Amino acid sequence: MSASVADQAAKTAEIGYCIGQNWWNNGYASETLSKVIAFLFEKNGFERIEAFYDADNPASGKVMQKAGMVYEGTLRQRLVNNRGIVDEVCYATLKKDYLSQKAEKQIYQFLKKMSIPYELLQHKPVYTVSEIDFDVSGSKVKNLFLKGKKNYFLIVLPENKRAPLKMIAQEVEERHLSFASEKKLSQFLHSVNGAVSPLGLLFDTGKNVQLIIDRQIDPKEKIGFHPNRNDKTLMFNFVDFLTFLKKINHSPKYIDT
């Protein structure tokens, strides 16, 4: 397996690999690829990693999928190999996606370690509350990642409530609040747009983000949050959610909006 700089300015690396037939179908390639991806992102500062394969070799694509890479397109008649000129398939992954995928596993591990119970719901990807078309046995909420002049806030509101940013700003003693960048979302919560969640506070070890909870959210009802991906929801008894916050030393602030 090899890695090279594909674009230094864009912080992009390209990975290539080859494995003997005697070692096929043992998971060696996908396991090694995963470790190389982790090394390039965590130790070398890359923001994007890509890989290519002969379109007639779909097994190579499965290796990339298992390592968390996603299909980006097919370049027709782009590759020359021992079969001649062939179509080339591109898979890639971004650092923010890598961190989010890694974070999901760490969230499950933490909940198990702390014996915090939850119910897992699997569903189609949802990016807004209005897209939810499945039953949620508890409070439906939305989560907003906001920034002030210097501070960052994660706001949990009832699903149908408009975000009164001016009022919230007054409550947190900020002159103005706006939506924070996805870069900061990835940095502090290891999440991506569409999957903002208080569970990501597990990774805010520097306490850069203040959690704000609307008082209208009923603590007697269950509450659900994405595990840093928007095709799954973890449902908690509210008291168990508070236990999670206590374990990560992130006390919420309650406000009336």
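Can you pull out every residue in the stretch 18-39 that is open to solvent by 60 Å² or more (accessible area, probe 1.4 Å), at pLDDT 85 or above and not hydrophobic (A, V, I, L, M, F, W, C)?
Listed by number, the residues that qualify are Tyr28, Glu31, Thr32, Lys35.
So, in the stretch 42-79, exactly how many residues are among the acidic types (Asp, Glu) and open to solvent by less than 80 Å² (accessible area, probe 1.4 Å)?
Kept after step one, since they are among the acidic types (Asp, Glu), are these residues of the stretch 42-79: 42, 47, 50, 54, 56, 72.
Then drop every residue that is not open to solvent by less than 80 Å² (accessible area, probe 1.4 Å), which leaves 50, 54.
Summing the residues that are among the acidic types (Asp, Glu) and open to solvent by less than 80 Å² (accessible area, probe 1.4 Å) in the stretch 42-79 gives 2.
Starting from the stretch 163-190, take each residue that is more than 11 Å from Gly148 (Cα to Cα) and list its partners that are among the aromatic types (Phe, Trp, Tyr) and at pLDDT 95 or above, counting only C-beta distances under 8 angstrom and pairs at least six apart or across chains.
Going by the 8 Å Cβ cut-off, the qualifying pairs are Lys184/Phe145; Lys184/Tyr152; Leu185/Phe145; Phe188/Tyr152; Phe188/Phe203; Leu189/Phe145; Leu189/Phe203; His190/Phe203.
Going through the stretch 80-108 one residue at a time, which ones are farther than 28 Å from Asp204 by Cβ, open to solvent by less than 30 Å² (accessible area, probe 1.4 Å) and either within 13 Å of the chain's Cα centre (by Cα) or touching a residue at least 12 places away in the same chain (Cβ under 8 Å) (or both)?
Hits for the stretch 80-108 are Val86, Glu88, Val89, Cys90, Tyr91.
What number of residues in the stretch 179-198 are hydroxyl-bearing (Ser, Thr, Tyr), in contact with a Leu (Cβ under 8 Å, 6 or more places away or on another chain) and part of a loop (DSSP other than H, G, I, E, B)? Explain how you work it out, then say what you get.
Keep residues of the stretch 179-198 that are hydroxyl-bearing (Ser, Thr, Tyr), which gives 181, 186, 191, 197.
Then keep just the ones that are in contact with a Leu (Cβ under 8 Å, 6 or more places away or on another chain); that gives 186, 191, 197.
Cutting the leftovers down to part of a loop (DSSP other than H, G, I, E, B) gives us 191, 197.
Of the residues in that region, 2 qualify.
With the requirement that a residue be closer than 21 Å to Gln187 by Cα and among the aromatic types (Phe, Trp, Tyr), what does the stretch 206-257 give you?
Listed by number, the residues that qualify are Phe225, Phe244.
The values are calculated or read from the model by the stated rules, or taken from the named source; none is laboratory data. Predicted, not measured: the structure shown is a model, and the values here were computed from it. FYI the Cβ positions are ideal-geometry reconstructions off the backbone, even for glycines, and counts take in every protein chain you see. For accessibility, only protein heavy atoms count, side chains too; no ligands or nucleic acids. Shrake-Rupley method; radii C 1.70, N 1.55, O 1.52, S 1.80 Å.
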